[in-house]
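Derivation of every value follows stated rules applied to the coordinates shown; laboratory data play no part. The model shown is predicted, which means the values in this text are computed figures rather than measured ones. Positions of Cβ are backbone-derived with ideal geometry, glycine not excepted, and every protein chain shown enters the neighbour counts.
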């Protein structure tokens with residue numbers, strides 16, 4: 001082999017070794033976003049009131065994807081920096097996966113489930129959708145294994161109406177290189193044109209406008225098992 005060619009090959013091999021040695025653990029290059037997608041085990045609950053009666057609906061399907069830059073927790077245990085984290089996500093909750101619960105009279109649950117689906121206009125708008133363009137850490141450097149808090153700013157779409165929201169979320173690493181993303185959100189149904197906005201004449205009989213949504217979204221990083 002000619003000396004010049006051998007020297008070129010040695011330099012190229014040395015550069016590859018240097019890049020491999022300086023790459024972060026888990027095979028991720030600095031600055032590259034991390035890709036997560038939904039996996040089995042998620043759950044969602046929606047609670048509210050109708051007149052004097054409380055109601056609750058539950059589901060077990062939360063789909064979508066998440067892309068997040070450096071600082072988002074993952075299987076290799078990064079911690080959040082103090083600034084904004086580059087992120088992009090779409091979270092989808094199928095409306096027809098929500099089922100009314102809480103009554104021992106099964107036909108009542110079936111009827112109320114149908115009423116919920118009609119109220120959310122499931123035929124025309126089958127998904128509750130959250131789009132995320134920004135993620136802010138709520139605290140930096142939590143203890144190892146502790147849940148990390150973030151503020152997710154984005155747009156929430158329900159029954160064909162989209163509204164900007166700021167949602168506190170908790171992220172925790174769980175077994176099998178997965179993350180559990182937990183959300184508790186209180187919103188007004190009237191903000192999404194689901195019911196008329198309450199007035200002094202129609203607000204009697206409990207707070208039928210406020211609805212509480214909680215869900216746990218399990219995601220796994222692409223390429224992990």
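Brief remarks on what is shown
- Estimated FRET transfer efficiency (residue 118, residue 182; beta-carbon r; R0 22 Å; 0.05): 0.15
- Applying 0.36 nm per residue to the separation of residue 147 and residue 37 and subtracting their alpha-carbon distance, the gain on full extension is 37.7 nm.
- Note on residue 212 and residue 106: their simple-model spin labels are 2.9 nm apart, each label 7 Å out from Cα toward Cβ.
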